[in-house]
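Each remark here refers to the structure printed beneath this line.
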Amino acid sequence: MAILASPIVDRRGTGPKTPEEGRRRSLVVEWLAHPQASFYLVLVPAVLLLALGVMMVLSASSVYAFVRYDDAYYFVKRQALFLVVGGVLAFVLSRRSPKQLKVVAWVLVLAALVLQLLTFTPLGFSNNGNTNWLRVGSISIGQPSELAKLGIVLWGADIFARKHKSLADPRHLLIPFLPVSLILIGLVALQSDLGTAMIMGALVLAALWYVGASWKVIGSILGAVGLAVAALVITTPYRMTRILGFFNQDLDPLGVNHQPIKAIFALASGGWWGLGLGASRQKWGGLVESHTDYMLAVIGEELGLVGTLVVLCLFLVLGYAGFRIAMRSDIRFCRYAAAGITSWFMIQALVNIAVVLRMMPVMGVPLPLLSYGVSALVANLMGLGVLLSCARQEPASRAYLRRRRRRAGRALVTTAGGRG
């Protein structure tokens, strides 16, 4: 009995130490081997992040919304409305085939190009220093660059899937993907939204790396982009002020450094468990962008380090699921699309977190799925829909869904026959 009850010794030092640990690990392995595991690994963390996002938008924006619009629920009502709109689009896209998604990719990139060009017409107007809004009558359309991100990823995935046999030739690798992407990125940069332009540039480099571009090609593009970004920063006074403020937090503490300092105060005051939901102090005028770019600071203040780590873990699970789909897919378009969408979420989340933690200069980039922003939310949800569609196209998932449809069909025929 003593021998049976003793811990199991793993000679390699990496296995389970007790029978219970072994059973738990086997259950996890068995669950991950389920044909639809990838689908739920995307769906569950995404739903949790979206639900937390709505809750935190209400908490972070209520004071500002009441002061500005005399309605504490102004922002959360808009977020909830477009969550429904984006959710419907996500559901529709999750049921589309790769062939249909390729058509969507072309529509998206063309729509993004047209909308970006329209911002330079009388329909365009500025908001927070960025000329990336459109007004048609009483309807305002903000930040079409969010649509451009998804367009670049999906359109690039289609282009690379079609040309996979000739991608070793730099001309086929770069044309037409790079020129079209640079046009979209250039239009965003001309709108004075350098942070979003840099995210889009990172997506272009990631897409090229995924399809096997050489380090020489990637290095050349990275060098050219670095010079362009440096020129844009040096020639723009407010961008230079942000860079100088990042290296010296004593510089202009009521101006360029006001938001970063207040974000650190918010995170520090949260402690382990936070001040409690709705109890943020910095949202009372300290963090003006608390419901957008600095959402994580309010989460850290109200839900503490534990709540912040839960958010980071949900993003890690989502990232794991996305790259898992890309690795398992036998359809090139799905492989490239899943990798691109996952990179979009992970890169943007990493940049936002780094800004909040004062590890990067202020970039004006929202936290995916959590921050307020109707255009960003709808684009994020559309990306999730495509990711879920790619999860359903995994070989094991396709076979599983076919078997389930056949069983449902046989059950329907049997039922109908029995009634007859």
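Assorted remarks:
- The lone exception for Ala51 - which of (1) closer than 21 Å to Gly319 by Cβ; (2) touching a residue at least 12 places away in the same chain (Cβ under 8 Å) it fails: (2)
- Qualifying residue in segment 399-411 (condition: part of a helix (DSSP H, G or I), over 28 Å from Ala189 (Cα atoms) and touching a Cys at 6+ places or on another chain (Cβ under 6 Å)): no
- Filter pass, Leu81 being exposed (fewer than 13 other Cβ atoms within 10 Å of the Cβ) and either in contact (Cβ under 8 Å) with a residue 60 or more places away in the chain or in contact with a helix residue (DSSP H, G or I) (Cβ under 9 Å, 6 or more places away or on another chain) (or both): yes
- Residue list for segment 352-382, filter: farther than 13 Å from His291 by Cβ, small (Gly, Ala, Ser) and part of a helix (DSSP H, G or I): Ala354, Ser375, Ala379
- Pairing residues of segment 145-167 that are under 13 Å from Gly212 (Cβ atoms) with residues that are not in a helix (DSSP H, G or I), at Cβ distances under 7 Å and at least 6 apart in sequence or on separate chains, gives Phe160/Leu167; Phe160/Val211; Leu167/Val211; Leu167/Gly212.
- Residue within segment 381-397 that is surrounded by fewer than 18 Cβ atoms within 10 Å (Cβ to Cβ) and more than 30 Å from Ala80 (Cα to Cα) present: yes
- With respect to being surrounded by fewer than 16 Cβ atoms within 10 Å (Cβ to Cβ) and within 23 Å of Thr342 (Cα to Cα), Leu110 fits the description.
- Filtered residues of segment 47-67 (kept if within 17 Å of the chain's Cα centre (by Cα) and either closer than 26 Å to Arg402 by Cα or surrounded by fewer than 18 Cβ atoms within 10 Å (Cβ to Cβ) (or both)): Val47, Leu48, Ala51, Val54
- Answer residue from segment 162-185, given it is charged (D, E, K, R) and either over 17 Å from Ala105 (Cβ atoms) or assigned to a loop (DSSP other than H, G, I, E, B) (or both) and is modelled with the highest pLDDT among those: Lys163
- Neighbours by Cβ (under 7 Å, 6+ apart or cross-chain): first from segment 270-281, among the polar types (S, T, N, Q); second surrounded by 14 or more Cβ atoms within 10 Å (Cβ to Cβ): Ser280/Ser59; Ser280/Ala60; Ser280/Ala266; Ser280/Val298; Ser280/Glu301; Ser280/Glu302
- Flag for Leu314 being modelled with pLDDT of 95 or more, assigned to a helix (DSSP H, G or I) and farther than 18 Å from Gly156 by Cα: yes
- Taken together, Val386, Val374, Val310, Val317 contain a single residue that is without any contact (Cβ under 8 Å) to a residue 60 or more places away in the chain, within 18 Å of Ala46 (Cβ to Cβ) and over 12 Å from the mean Cα position of the chain (by Cα), which is Val310.
- Odd one out for Gly142, checked against (1) small (Gly, Ala, Ser); (2) under 25 Å from Arg239 (Cβ atoms); (3) loosely packed, with under 14 Cβ neighbours inside 10 Å: (3)
- Per-region count, segment 251-281, residues in a helix (DSSP H, G or I) and of a type in the set (Val, Ile, Thr): 2
- Within segment 282-311, considering residues that are in contact with a Lys or Arg (Cβ under 7 Å, 6 or more places away or on another chain) and assigned to a loop (DSSP other than H, G, I, E, B), the one surrounded by the most Cβ atoms within 10 Å (Cβ to Cβ): Ser290
The values are calculated or read from the model by the stated rules, or taken from the named source; none is laboratory data. Just so we're clear, the structure is a prediction, and the values are computed from it rather than from any experiment. Virtual Cβ from ideal backbone geometry, glycine too; neighbours counted across all protein chains shown.
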